[in-house]
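Throughout, read-outs are computed from the coordinates displayed, never taken from laboratory work. In this text the structure is predicted, and so the values were computed from the model without any measurement. All Cβ positions, glycine included, derive from the backbone under ideal geometry; neighbour counts span all protein chains shown.
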Amino acid sequence: MTWARRRRAFSRVWRELRHDRPGFIGLLLLSGFGLFALSAPLIADRSSLLAASGRNNPDLAAPSSKFLLGTDEIGRDVLAQLVWGSRVSLFIGLLATVVAVVIGSLVGLAAGYAKGKISAVLLAIDDFFLVVPFLPLAIVLAVILGRSPTTLAIVIGFTSWAGSARLIRAQVLTLSERAYVERARALGAGSWHVIVRHVLPGVAPLIIANATLIVPTAILTESTLSFLGFGDRLSPSWGKLLDGAQSSGSITINAWWYFLPPGLCIIGIVLAFTLLGRALERIFDPRLKGR
Amino acid sequence: MSRRYLLKKVIGALLTLSGVVVFNFFLFRIIDRDPLAKYRGRSKLTLEQRETMIRRMGLEGSKWDQFVVYVKSVFRLDFGRSFDSTQPVLGEITARLPATLFLVGVSTLLTICIGLYIGTKAGWRRGSRFDRTSTSAAMVLYSTPEFFFGMLLLAFVAGRTGWFPTGGLRSVGANYGFVGNLLDRIHHLVLPVLTLTLGYLGSYALIMRTSMIETLGEDYLVTARAKGLRDSEVMSRHAVPNALLPSVSLIAISCGFVIGGAITTETVFSYPGLGLATANAIRNNDLPMLQALFLFASAAVILFNLVADFVYALLDPRVRRAE
């Protein structure tokens, strides 16, 4: 029965999403990027990311039939880096979001459900992370913990959960006042049962919409951090490509094929997730209709 | 404005600030067990020099002793010496502070004015052509990393036309007199300011549009219209002041983002402020510098949030008159 209900809910969301123009555009754009990332091995061999692969190629060469998007400062194919970079950017963005959503949901659920001291302490921690500027914090953490993509993702997730914890707490507070939660409690349900069976399903849509909106900020943060020197030059994300383009002087000689594609890709993917996330928010929260 | 409200906010800000100080110690002394390991010239240090550095950085004794030394030095504004330049960190920071304050100040002011204006107009005429165009544009602006704007401006405006310098704070070795030097500085500021403004315009406009739409359904607007006020009066005297309230707190929170924007923008334009210092400190693993920069950035955001709380109280009669 639950599964039938879930399927019905899913098809309702799908129907509404299809009629929400910005949301549908976001979904299409996102599918396009997904295909792009999946097709990486078809477009270019992974070995063309190696520093040695560009040895016999001209440096910073303009697009040609051999290199559709030209080459970088050490002669590597820009298209190969772009298509493999989509995986790095998406991986970091998604992993960071998982970290942020898990921390944010746990803190939000606990702060909303628990009363008294625990709730106050959690709120104080949440306030702290909401105020502390997250990019400097992420920079400091990444310098100390290491510069690998996985560490970056965890650092980004760890610095961007505070807003969702706040949202989820508010939703939990209104839900716990509802009659069906009180009924369950009156029937003797324990805290764990109430949270998992009654509160969590109620906040799940909010968590999903919120997660979709964390991905774009995580990708933007990742590109900023990579641009500032974090990340791996041999397996570059789109932000790292921009870092390479900036530090190799490709802007001065106007090597647009080097810096334009990764920048446009970042804009595209962030736009896609943002449009989709806002559409999901509208669908799940009827009060936001017409925005 | 009630005294209690002010006092509560100031105490809250001080508590957060002390939280940052403690957190900073935790980051640089407990998570990072051996801060000296990141010092590039460490292999050339003699044993004595190494001991001097350990003493200077306050790395002696138990963690508690270190904490006491650290807190005392924070109160003295003594953040040690930069690994990179070996100069005192505080001097490095104060020398670069004015440039960044100017850049961030001018662009924040521009962003707030233009962003709020566009957001107000779009929200008030929801669904109009202006709304659709400006909202789409704002979404694209929001989705663009600000340093990419900087790169585009450098490549296609500064590079192609030569109208603007490609970086720095002023023309090196030139002296045009007082007015001339001032104009020269402004000339160097145009592109960085434009970059930061474009980078955050989108989110401010979207925030204001949303809160404008939220006030549209309120009863007091119906009342105002029923009184026979003109549309523009209803908007400027009743809708905008109310819509500004949630925007003030959201804008205060997003100022943390602007600090991040300053870091990358200054990097793109080699603009010698705190942002460029941060970027250099990252590349050089300059821990003392990063530690102090993190403290300063947090203090700036906390201060900005405090100011926003005051502005909020000034704008909202419910808070202003509350006991």
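Think of each Lys and Arg Cβ as +1 and each Asp and Glu Cβ as -1; about the Cα centre, that makes the dipole of chain A roughly 1460 debye. Dipole orientation for chain A: of the candidates A:ASN56, A:ILE74, A:THR212, A:THR212 has the Cα lying most toward the positive pole (charges on Cβ; Lys, Arg +1; Asp, Glu -1). Here, segment B:96-305 has an Rg and a Dmax of 20.0, 66 Å when only alpha carbons are counted.
Here segment B:263-323 was treated as a single set of alpha-carbon atoms; its pair distances binned every 10 Å from 0 give 21, 32, 21, 16, 11, 1 percent.
Over the Cα atoms of chain A, each weighted equally, I'd like the Debye log10 I(q)/I(0) at q = 0.11, 0.15, 0.16 Å⁻¹, rounded to two decimals. Log10 I(q)/I(0), no solvent term: -0.74, -1.14, -1.23.
Just to confirm my numbers, what's the Cα centroid distance between segment A:176-198 and segment B:83-152 in Å? Using only Cα atoms to place each centre, the spacing works out to 46 Å.
Charges only on Cβ, +1 for Lys and Arg, -1 for Asp and Glu: so what's the dipole of the protein assembly as shown about the Cα centre, in debye to the nearest 20?
On the way: 64 positive and 38 negative charges, 361 e Å.
In total the dipole reaches around 1740 debye.
Computed from point charges on the beta carbon alone (+1 for Lys and Arg, -1 for Asp and Glu), the dipole magnitude for chain B about its Cα centre is near 300 Debye. Annotation for segment B:175-236 versus segment A:60-89: alpha-carbon center distance of 40 Å. Between A:LEU220, A:LEU145, A:LEU276, the Gaussian network model of chain A with springs among Cα atoms under 10 angstrom shows the greatest mean-square fluctuation at A:LEU145.
Could you quote the convex hull projected area for segment A:170-277, Cα atoms only and averaged over all directions, in nm²? Each step should come with its number before you reach the end.
Details: hull surface 37.5 nm².
Mean projected area for segment A:170-277: 9.4 nm², to one decimal.
Measuring between their Cα centroids, segment A:9-27 and segment B:261-309 lie 41 Å from each other. Projected onto its three principal axes, the C-alpha set of segment B:156-199 covers 32, 21, 13 Å, listed from the longest axis down. Loop-located trypsin sites (Lys or Arg not before Pro) in segment A:5-69 (DSSP state other than H, G, I, E, B) with a sparse environment of at most 15 neighbouring Cβ atoms within 10 Å: A:ARG55, A:LYS66. Build a GNM of chain B with springs between Cα atoms under 10 Å apart, and of B:THR108, B:THR278, B:THR144 the one that fluctuates most is B:THR144. In this label model, B:SER232 and A:SER148 are separated by 6.3 nm, measuring between points 7 Å along each Cα→Cβ vector.
Across the options B:ALA13, B:LEU103, B:PHE83, the greatest Cα extent toward the positive end of the charge dipole of chain B (unit charges at beta carbon of Lys, Arg, Asp, Glu) belongs to B:ALA13.
Taking trypsin sites (Lys or Arg not before Pro) in DSSP loop conformation with at most 12 other Cβ atoms inside 10 Å as exposed sites, chain B has its longest uninterrupted site-free stretch at B:77-226.
Select from A:SER119, A:THR252, A:THR97 the residue farthest towards the positive end of the dipole of segment A:41-275; place +1 on Cβ of Lys and Arg, -1 on Cβ of Asp and Glu, and compute about the Cα centre. In segment A:41-275, that residue is A:SER119. Highest GNM mean-square fluctuation among A:ALA218, A:ALA51, A:ALA96, for chain A modelled with Cα contacts below 10 Å: A:ALA51. Relative intensity of the protein assembly as shown on a log10 scale, I(q)/I(0) at q = 0.05, 0.07 Å⁻¹, equals -0.24, -0.49, per a Debye sum over C-alpha point scatterers of equal strength in the absence of solvent.
Calculated mean residue ellipticity at 222 nm for chain A: -23500 deg cm²/dmol, from DSSP H runs with n ≥ 4 weighted as -39500 (n - 2.57), summed, divided by the residue count and rounded to 500. Between the amide H of B:ARG81 and those of B:VAL89, distances stay under 5 Å, these residues lying 5 or more places away or on another chain, with hydrogens modeled in the peptide plane. Using C-alpha pairs below 8 Å separated by at least 6 residues, the relative contact order for chain A is 26 percent. Scaled to the globular estimate 2.2 N^0.38 Å, the Cα spread of segment A:19-136, given as radius of gyration, is 1.64.
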